[in-house]
Amino acid sequence: MRGLLVVNPVATTTTERVRDVLVTALAADVDLETVVTKGRGHGVELGADAREMGVDVVIVLGGDGTVNEIVNGLVSSGPAAGGPALAVVPGGSTNVFTRALGYSSSPVEATGELLAALREGRSREVSVGLAHYGDQQRYFAFCLGVGLDADVVAAVERRREKGRRSTPGLFVRCAVTELLRRTGRSGPTISVSSTGGVPDLRGILDEADGTPESAAPADGTGREAGAASGDGGSVVGGDGGRAPVEVSLAIVCNTRPWTYLNNRPVAACPAASFDTGLDLLGLRRARLTSVLRTGLKMLGEDADPRGRNVYGLHDTTSLTLRSDEPVAVQMDGEVLGLFTSVELTHHPRALRVIA
């Protein structure tokens, strides 16, 4: 088996010792070439080269940002289920993609799990999402966020550039700071349009007034929020599309969980899966109390972030998120910039992974 090991030397928990252990462990099973990334964007080039060179497996030692670049290289010419398989050993601070595939958060333990999967020939095909924003496009492996979510990621990145370590505590502090900064101000409105999928209309009672959620119209027309059109194949924004719903922040998930706080999964979209379409969680108002309430519901085995302030979609074919002013967008934990429109499409069975 021919393999390419891609190492991000500046990832949070990546060390030469971990790299040497990984290379030694893989040597008996894989004819391995090791390449160290030289900066942002190099992983995309390496993933595309691996596809052209006929490599059997690309193994990433790094965080979710490096994984995203390799994924984009592997599927840059379209879904590549027949191309090189992808394997990941966690080397970042959160490692959502690796852990969502069932690997340990420990690089040493994950290496042992990867070796067992390679020897047993275990692999699976997973979906990816594709985002069009501005004049650019990029695939994402597990999540995309617009609004507050991306603002928090940007705040964390700014602090990391000043030497702060990426920790769950840092994310929580940045989230609270961003929420407090919005107190008394109305933030940008994000309009959500979708094609296919199932809207969340389960009528869960609101804690405050006991009104069923499904009784509260969200689009000003008197219709139920996200009422299905019955047309799962129409173009978003076309005549058959679902009526747009306005939210203050939007999180799109391609799998569960959305992220982790240490070892605790945070499930913004509990039903999301690599085997189904894109899921969305939107908050109609991004107030401190409502965001914290919903955030607490995302934690634990039986995560259930529902309520009158929540708009959810499951298994969608495509989504369009538009804002009345430029808002921050993050993808797989990396900030893309400020945009007024993001168009998302789901691509099933696009990537083969060792898992």
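Of all DSSP beta bridges located in the chain, what percent are antiparallel, nearest 5? Beta bridges within the chain, antiparallel portion: roughly 75 percent.
Both numbers refer to the Cα atoms of segment 2-122; Rg and Dmax are 12.9, 36 Å.
Cys residues of the chain that find no other Cys beta carbon under 4.7 Å: Cys143, Cys174.
Axis of helix 288-297 versus longest Cα principal axis of the chain: the two differ by about 60°, to the nearest ten degrees.
Excluding Ala131 itself, calculate the net charge of residues whose Cβ lies under 11 Å from the Cβ of Ala131, where each Lys or Arg counts +1 and each Asp or Glu counts -1.
For residues surrounding Ala131, the net value is -1.
Calculated mean residue ellipticity, 222 nm, the chain: -8000 deg cm²/dmol, from DSSP H runs (n ≥ 4) at -39500 (n - 2.57) each, averaged per residue and rounded to 500. Annotation for segment 105-141: trypsin sites (Lys or Arg not before Pro) lying in DSSP loop with at most 14 further Cβ atoms inside 10 Å of their Cβ are Arg122. Relative protection proxy for 316-323, 161-168, 335-342, from highest mean packing down: 316-323, 335-342, 161-168 (other beta-carbon atoms within 10 angstrom). Shown is the FRET efficiency for Asp135 and Thr24, computed with R0 = 45 Å from the Cβ-Cβ distance and rounded to the nearest 0.05: 0.50.
Here the simple spin-label model places points 7 Å from the Cα toward Cβ, and for Leu180 and Thr13 these points are separated by 3.0 nm. At full extension, Glu301 and Glu246 could sit 16.9 nm farther apart than now, given 0.36 nm per residue minus the alpha carbon distance. Would you indicate which of [x] 22.0; [y] 20.8; [z] 21.3 is the value of Kirkwood radius over Cα pairs in Å derived from the coordinates of this structure? Evaluating Kirkwood radius over Cα pairs in Å on these atoms matches [y]. Considering only alpha-carbon pairs that sit under 8 angstrom and 6 or more positions apart, the relative contact order computed for the chain is 21 percent.
Summarising the amide proton neighbourhood of Asn95: residues at separation of 5 or more, or on other chains, whose placed amide H is nearer than 5 Å comprise Asp64.
So what is the relative contact order of segment 2-122, in percent, for Cα pairs below 8 Å that sit 6 or more residues apart? Computed value for segment 2-122: 29 percent relative contact order. Here segment 298-328 and segment 89-144 have alpha carbon centers that stand 22 Å from each other. Of the residues Leu32, Leu101, the one with the fewest other Cβ atoms within 10 Å heads the list, and the complete ranking is Leu32, Leu101.
Here segment 1-147 carries DSSP beta bridges of which approximately 25% are antiparallel, counting only pairs with both residues inside.
The label-point distance for Asp49 and Glu109, in a model that sets each label 7 Å from Cα toward Cβ, rounds to 3.4 nm. Whole-Hz Karplus values for segment 143-158 come out as 7, 9, x, 10, x, 4, 3, 5, 5, 5, 4, 5, 5, 5, 4, 4 Hz, taken residue by residue from phi with 6.51 cos²θ - 1.76 cosθ + 1.60 and θ = phi - 60°; glycine and proline positions read x. For the pair Asp56 and Arg119, the difference between a 0.36 nm per residue extended length and the Cα-Cα distance amounts to 21.3 nm.
No lab work stands behind these numbers, since they all come straight from the coordinates. Remember, it's a predicted structure, so these values are computed and weren't measured experimentally. We place every Cβ from the backbone using ideal geometry, glycine too, and count neighbours over all the protein chains shown.
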